[in-house]
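Beneath this line is the structure, given in structure tokens, with notes to follow.
The values are calculated or read from the model by the stated rules, or taken from the named source; none is laboratory data. Since this is a predicted model, take the numbers as computed values, not measurements. Because the Cβ atoms are built from the backbone with ideal geometry, glycine has one as well, and the counts that use them run over all protein chains shown. The accessibility values were calculated without ligands, DNA or RNA, using every heavy atom of the protein model including side chains. Shrake-Rupley method; radii C 1.70, N 1.55, O 1.52, S 1.80 Å.
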Protein chains: 2
Amino acid sequence: AIAAPAMAQQNPKISWKMASTYGPNLPPLFGSAEVFCKMIEEASGGQFTIRLYPGGEVVPGFGVLDAVGNRTVDCGQSASYYYYGKDPTLCFDTAVPFGLNARQMNAWMDQGDGLKLMREVFAPRHIVNFPMGNTGTQMGGWYRKEIKSVADLKGLKMRTAGFAGEVLSRVGVIPQQISPGDIYPSLEKGALDAVEFVGPLDDEKLSLQRVAKYYYYPGWWEGSAQVSLYVNEKAYAELPKQYQSLIALASRYAGQQLLTDYDAHNANALRRLVASGAELRAFPVEVLDACYDAAQEVYAEFNAKYPQFKKVYDNYMGFRDQTIPWFRLAEGSYDSYLNRALNRAKQQ
Amino acid sequence: AIAAPAMAQQNPKISWKMASTYGPNLPPLFGSAEVFCKMIEEASGGQFTIRLYPGGEVVPGFGVLDAVGNRTVDCGQSASYYYYGKDPTLCFDTAVPFGLNARQMNAWMDQGDGLKLMREVFAPRHIVNFPMGNTGTQMGGWYRKEIKSVADLKGLKMRTAGFAGEVLSRVGVIPQQISPGDIYPSLEKGALDAVEFVGPLDDEKLSLQRVAKYYYYPGWWEGSAQVSLYVNEKAYAELPKQYQSLIALASRYAGQQLLTDYDAHNANALRRLVASGAELRAFPVEVLDACYDAAQEVYAEFNAKYPQFKKVYDNYMGFRDQTIPWFRLAEGSYDSYLNRALNRAKQQ
């Protein structure tokens, strides 16, 4: 036998399976997973290929965490806050109420302790996690009636889940778990008063403006929402070092693709929604303050109950509180002024 | 002879030279170029290596554009607005007055027509360009006296250059080209009244608060500033497809590293500057309005004079004007509310 050259050993043929929570009906999310697979294949000269399955095909949408952990698939795309019921600490990998915006989240993951801490959270689940994008700030959902005060939230049957549902229940909302396909009929027949989904680009597909026209902002439970790549720890350890690097490179590449997709296309989706009847409303400050205070109550309870939650909370919120003044000063004043200048120009 | 396996041909040994405009005295910028080279090497299994030279070593700092174009080096790291004198259209690759913020810039480059248009601008210079990070919104510089009105700008000797200098000259500033090493002595002896450099993390090294303590925000000529990777077109064409993919992956990876470095570390640098005497000031709206109007004048002149400038300007500003309302609605209202909530929490 002839010894294979060293480079051939470094560059072996490997085929993986990947399960996503999402499907082609959510093009930015599913499309970013496709970009990840494509870049891995291209940059390995076709040697490392990953076959992507949409949610429900080999694994249920919300079964991705377990399926990667037990290597039903080698890797997966999901958002960790779906697994809030297993461990609320997982939410810090996606979004928590009144948390970091997308740039601050990237900074915490890359330069702060975010990635290190989240790797500790995922390790017992046999997963090596990588950030793979963000939706940016989401909307606060669709409502059949206006929300003018905290009293208007009392008894509101709202489709929402996880951590947001827990906080909203403290201000009187009755959270409901309803699959996307059932949202429209539930609103139509009055079994539901409100729905939070994502933002204009994804929400547009559900036509909710026809049955719940008040579209509120901002989604304070998702100031940003990070999407993750999960890799089975054994599958990862078996990769040659150069393919491990490719995973880091391609997940970040696809992740930026996801955020720019939302950042570039939400604006026009929102315009179309408004043209077809959506009425934009800002949550009143009184309502936001009540939700903020309710969130602090929930945080205090979780911090007392779950030591790992507290460890990540302290680090995450410390980073937020230290970083926000700078963002307000430079980015905030720039964005505000430019918006003002463009409005002034329009009036001239 | 034994035929080499296909994978060995795809994965040949290649060594490149890279020149940066920057050096180790600007750790975020130079460090991100180091990350680019490291990731290329790792993900190619050590087969594709790039040797990085700091500004001035094989090529002068502002000679990177030409050196890549004529293949003195195979690739380079620079910011395209340094080459304003060669072609003002190059500024759209970095920053223009009252332009896009960092997320909007990424969105324009990736999802809008930004990359396509800038590739057209670089093609006659024999360069294939890739975005490689951003500084975020910069500061408006250091001033020996407060700027309370447009009159305070008249006759101000300010270190600034390029497009910003052109606009500032219309409101009475006298732009000065001064190398970083001469800034401090020039301010000290009164030959200079003001200086714009970058932001807290880089500015800190110059100790300007000792001689020009008023530190203004925001830097409206750099709402964000994109850094670029230049690759010689022939060097790029000679690469196997998989290494071309690595260039796209690693430049985006290093680019995010650069932005998160500033986003995570500017806050504490600013705190240290304030502790050692810097006095923060916002530019008065009257001053910003005058500068905005001056910028429109310059834009109108350049649009009339340079057809390619106008082509890129229309596309870039169209993207800005279409996108900003969405950013104000979701991100803007979220960031504003959270800042308010944190201040309220502090007062309790």
Select from A:Q104, A:N134, A:L115 the residue farthest towards the positive end of the dipole of the stretch A:104-175; place +1 on Cβ of Lys and Arg, -1 on Cβ of Asp and Glu, and compute about the Cα centre. A:N134
Comparing each residue of the stretch A:112-160 in the complete protein assembly with the chain by itself (heavy atoms, probe 1.4 Å, ligands and nucleic acids ignored), those losing at least 40 Å² of accessible area are A:T137
Run through the other copies and list how far each one's label point is from that of A:G190, in nm with one decimal, shortest first; the point sits 7 Å from Cα along Cα-Cβ. 8.1
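Too long at a 24 Å Cα-Cα cut-off: which of B:K86/B:K154; A:K154/A:K305; B:K38/B:K116; A:K241/B:K116; A:K189/A:K213? Intermediate results must be reported in sequence, preceding the final value.
Values: B:K86/B:K154 28 Å; A:K154/A:K305 27 Å; B:K38/B:K116 27 Å; A:K241/B:K116 34 Å; A:K189/A:K213 15 Å.
B:K86/B:K154; A:K154/A:K305; B:K38/B:K116; A:K241/B:K116, as the Cα separations exceed 24 Å there.
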Teacher prompt: B:N70 distances to equivalent labels in other copies, 7 Å Cα→Cβ, nm: 6.6
Show me the GluC sites (Glu not before Pro) within the stretch A:23-67 that DSSP assigns to loop and that have at most 13 other Cβ atoms within 10 Å of their Cβ. A:E57
For the protein assembly as shown, just the Cα atoms, rotate onto the principal axes and tell me the three extents in Å, largest first. 78, 71, 47
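At a Förster distance of 45 Å, what's the computed FRET efficiency of B:N70 paired with B:N268, Cβ-Cβ distance as r, to 0.05? List each step's numbers first, then the result.
On the way: r = 42 Å, r/R0 = 0.93.
About 0.60, to the nearest 0.05.
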Thinking of the stretch B:277-326 as a set of Cα atoms, what percent of all their pairs are more than 17 Å apart? 56
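Using helices alone, what [θ] at 222 nm do you get for chain A, with -39,500 (n - 2.57) per DSSP H run of 4 or more residues, divided over all residues and rounded to the nearest 500? Could you put the intermediate results ahead of the total?
Working: 13 runs with 166 residues, N = 348.
When only DSSP H runs of four or more count, the value is -15000 deg cm²/dmol.
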Once a ≥ b ≥ c are taken as the square roots of the eigenvalues of the Cα gyration tensor of the stretch B:68-110, is the result rounded (a/c under 1.5), prolate (a/b larger than b/c) or oblate (a/b not larger than b/c)? oblate
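What share of the DSSP beta bridges in the protein assembly as shown is antiparallel, in percent to the nearest 5?
Numbers: 30 of 66 bridges.
Given both bridge residues lie in the protein assembly as shown, the antiparallel proportion sits at roughly 45 percent.
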Could you pull the copy-to-copy label distances for A:E301, with points set 7 Å along Cα to Cβ, in nm to one decimal and sorted shortest first? 6.4
Between chain B and chain A, with a rotation axis joining them, whose C-beta in B is nearest that axis, and what is the whole-Å distance? B:L249, 2
At least 30 Å² of accessible area lost relative to the chain alone, listed for the stretch B:213-235 with a 1.4 Å probe: B:Y217, B:P218
Express in whole angstrom the spacing between the alpha-carbon centres of the stretch A:121-184 and the stretch B:82-149. 38
Using the Kirkwood formula on alpha carbons, the hydrodynamic radius of the stretch B:251-306 in angstrom works out to 15.0
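Between A and B, buried accessible area summed over both sides at probe 1.4 Å, in Å² to the nearest 100? Could you put the intermediate results ahead of the total?
On the way: alone 16510 and 16480 Å², together 25280 Å².
Buried area between the two chains comes out at roughly 7700 Å².
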How large, in percent, is the carbon and sulfur part of the accessible surface of the protein assembly as shown at a probe radius of 1.4 Å? 52
Compute, for chain B, the length of the dipole vector about the Cα centre, with Cβ point charges of +1 (Lys, Arg) and -1 (Asp, Glu) only. Units Debye, rounded to 20. 340
With a 1.4 Å probe and every protein chain left in place, work out the accessible area per residue of the stretch A:54-182 in Å², rounded to a whole number. 34
Just counting partner chain Cβ atoms within 10 Å, what average do the residues of peptide A:98-111 show around their Cβ? 5
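Tell me, what are the semi-axes, in whole angstrom and largest first, of the equivalent ellipsoid of chain A as set by the roots of 5 times the Cα gyration tensor eigenvalues? Can you show the working numbers first?
Working: eigenvalues 262, 99, 95 Å².
So the equivalent ellipsoid measures 36, 22, 22 Å along its semi-axes.
What are the semi-axes of the equivalent ellipsoid for the stretch B:1-139, taken as the square roots of 5 times the Cα gyration tensor eigenvalues, largest first, in whole Å? Can you show the working numbers first?
Working: eigenvalues 167, 65, 50 Å².
Listed largest to smallest, the semi-axes of the stretch B:1-139 are 29, 18, 16 Å.
Taking loop as defined by DSSP and a crowding limit of 13 other beta carbons within 10 Å, which trypsin sites (Lys or Arg not before Pro) in the stretch A:43-97 fit?
On the way: sites: A:R51, A:R71, A:K86; in loops: A:R71, A:K86.
Passing sites in the stretch A:43-97 are A:K86.
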Gyration tensor (Cα only) of the stretch A:238-348 to equivalent ellipsoid, semi-axes in Å sorted down, yields 33, 28, 18
If you put +1 on each Lys and Arg Cβ and -1 on each Asp and Glu Cβ, how big is the dipole of the protein assembly as shown around its Cα centre, in Debye rounded to 20? 60
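Is the shape of the stretch A:20-77 rounded, prolate or oblate, going by the alpha carbon gyration tensor and its root eigenvalues a ≥ b ≥ c, with a/c under 1.5 for rounded and a/b larger than b/c for prolate? Kindly include the intermediate steps, with their values, before the conclusion.
Numbers: a/c = 2.74, a/b = 1.32, b/c = 2.07.
Because a/c hits 1.5 or more and a/b fails to exceed b/c, the stretch A:20-77 counts as oblate.
If you take every DSSP beta bridge whose two residues both sit in chain B, what share of them, in percent to the nearest 5, is antiparallel?
Numbers: 15 of 33 bridges.
Roughly 45 percent of the beta bridges in chain B run antiparallel, per DSSP.
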Suppose every Lys and Arg Cβ carries +1 and every Asp and Glu Cβ carries -1, with no other charges. What dipole size does the stretch B:212-348 come out with about its Cα centre, to the nearest 20 debye? 460
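Pick out, in residue order, every one of the trypsin sites (Lys or Arg not before Pro) in the stretch B:140-196 that is DSSP loop and has at most 10 other C-beta atoms within 10 Å; say none if there are none. Walk me through the numbers on the way to the answer.
Details: sites: B:R144, B:K145, B:K148, B:K154, B:K157, B:R159, B:R170, B:K189; in loops: B:R144, B:K145, B:K148, B:K154, B:K189.
Sites meeting the loop and neighbour criteria: B:K189.
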Let me have the relative contact order for chain A, percent, based on Cα pairs under 8 Å that are six or more residues apart. 23
